[in-house]
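*Asks:* I'd like to ask some things about the structure below.
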Amino acid sequence: TNPGFVVRITQAGLDYAHQQAINFLEQELGQLKLQDISGDFRVLRVGKVHYEISRLYLRSFHLPHSSISLVPRVGLQVSISNAFAELDGHWRVKIYFIRDHGSFELKVENIYIKISLQLGRDALGKPTVDTSACSTHISKVLVHFSGKLGWLYNLFHAAVESRFRKLLEKQVCESVAKSVREELQPYLRTLPVTARLDAMTGIDYSLVAPPAATAQSLDVDLKGEFFSLAHRSAVPFSPLPVALPPDHSHMVYFGASSYFFNTAAFAYHAAGALVFDITDAVVSGIPRPDRGFVLLSPPVPAPLQLEEMYPNAAMKFRLSAPSAPFLSIGPQGLSFQPVVDAQAYAILPGSSPAPLFLLSLVSNVSAVIDVRSGHLVGSLKVGSKGRKGRGEEGVGCFAQLLFLLLQLSSHILSFPERLDQGFPLPLPDRIQLSKILLRFHQNFLLLGADVLYQPR
């Protein structure tokens, strides 16, 4: 199944995300709690030596050089080189009746770390990440002991360095796996795969496939579908393929297909949102030549004299869309030609509204799309195309009435409040967009942007 919405993270976007993650990992590694070390070994002509290393305190852990790379059909790989760490501790040694203790400083240099990340999706369509492999190699460990018996330190110097190397190599990878499991994975789950938009509709951004790593980008296919909260029914049309252009000047790209927008119209229509009652109080606010039923007077005598039948009666229009409007997207923009039925009623005291006539209107509508605060927002411009009118008693489609109803139809076509609030883009927490690019392509809207992560 083709996605209705696609996301592409370029190498620039991965580099930015990687730098944020490295800053966090550096802090996490700087808080490693190293376990005590103890052991025994024998020295020729000396005998058994027992040593203890305790109260280890890691002063710093620096990751000065690192990179992230895409591994096609696998995931991501993070490589860290020339990392170094400094720590303090206390030592104690015993040889027969000889005992000594003191402090030491240790420097670990030329640390190399390689991390492989596997990306996927869970049963709810949320993204997942796991550490599929991790390796750490330490080239140099330098220990400086303080104390009086220098010859004694040399006896266990090599043993301590070896133990430290193995201990750090193990705990670094354990810390990496823990950070991925407890920090990165929960953060990815803040991606809103489903979101309630209002009292009638929601939006589905669930992943339809695991994220796909290519040689140049990380591509994520999302369902990109609006739905009615009251009754979610199958959409009677399918998404067309979305082929994003080979542009990598921004960190992230979004491709919103025509399917994405058309399911919005379908969901609102299914939810009964495309029905509006326009009363005389609302009508009075729209500029028109006359007031009341005087406006309905045709230029030639009408078969039915409304003024005589309903003297001084208020009037209302019920605007409705007989079917969900179908949108098309091309290089020139987003447009559609919705049909709006306008049923006129006379409001009679103490009885049901009396139907007067029904007009069917068609308008040319174009869209103006923008991005604000991580939301797609927009407005619609309504044209002036009309169709024939139908009346119970042969009431015609009067020119002035048609003009008025085209004005009124904007209420049903533009959803001013809903469009002004916009629809949320699929972004995890604390992400802001900048340097936004908007372009229309055949069958989809392309949105390019750089991202800014706001730490807590």
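*Asks:* Which is farthest toward the positive dipole end of segment 91-234 among F104, S206, A230, measuring Cα position about the Cα centre, with Cβ charges +1 (Lys, Arg) and -1 (Asp, Glu)?
*Replies:* Among F104, S206, A230, the one farthest towards the positive end of the dipole of segment 91-234 is F104.
*Asks:* Find how much the distance from T279 to K170 grows on full extension, using 0.36 nm per residue of separation minus their present alpha carbon separation; answer in nm with one decimal.
*Replies:* 31.9 nm
*Asks:* Calculate, for S249 and V362, the FRET efficiency according to 1/(1 + (r/R0)^6) with r their C-beta to C-beta distance and R0 35 Å; round to the nearest 0.05.
*Replies:* After rounding, the FRET efficiency stands at 0.30.
*Asks:* Taking 22 Å as R0, compute the FRET efficiency from the Cβ-Cβ separation of E109 and D88 and round it to 0.05.
*Replies:* Rounded to the nearest 0.05, the efficiency is 0.85.
*Asks:* What lysines could a cross-link reach from K48, if we take a straight Cα to Cα line under 16 Å and drop same-chain neighbours fewer than 8 places away?
*Replies:* Correct list for K48: K94.
*Asks:* As a test of the definition: which semi-axes, in Å, follow for segment 12-190 when you take the square root of five times each eigenvalue of its alpha carbon gyration tensor? Largest first, please.
*Replies:* 40, 15, 14
*Asks:* Right, something else. Solvent-accessible area per residue for segment 200-269 at a 1.4 Å probe radius, Å²?
*Replies:* Ligands and nucleic acids excluded, the figure is 38 Å² per residue.
*Asks:* Leaving out same-chain residues fewer than 8 places away, which lysines sit with a Cα under 25 Å from that of K33?
*Replies:* K107, K114, K140, K166, K170, K178
*Asks:* What is the calculated FRET efficiency for T214 to R439, with r their C-beta to C-beta distance and R₀ = 22 Å, to the nearest 0.05?
*Replies:* It comes to 0.55.
*Asks:* I need to check one value: relative contact order of segment 160-237, counting alpha carbon pairs closer than 8 Å and at least 6 residues apart, in percent.
*Replies:* Relative contact order here is 20 percent.
The values are calculated or read from the model by the stated rules, or taken from the named source; none is laboratory data. This is a predicted model, so every value here is computed, not measured. Virtual Cβ from ideal backbone geometry, glycine too; neighbours counted across all protein chains shown. Heavy atoms of the whole protein, side chains included, go into the accessibility calculation; ligands, DNA and RNA do not. Shrake-Rupley method; radii C 1.70, N 1.55, O 1.52, S 1.80 Å.
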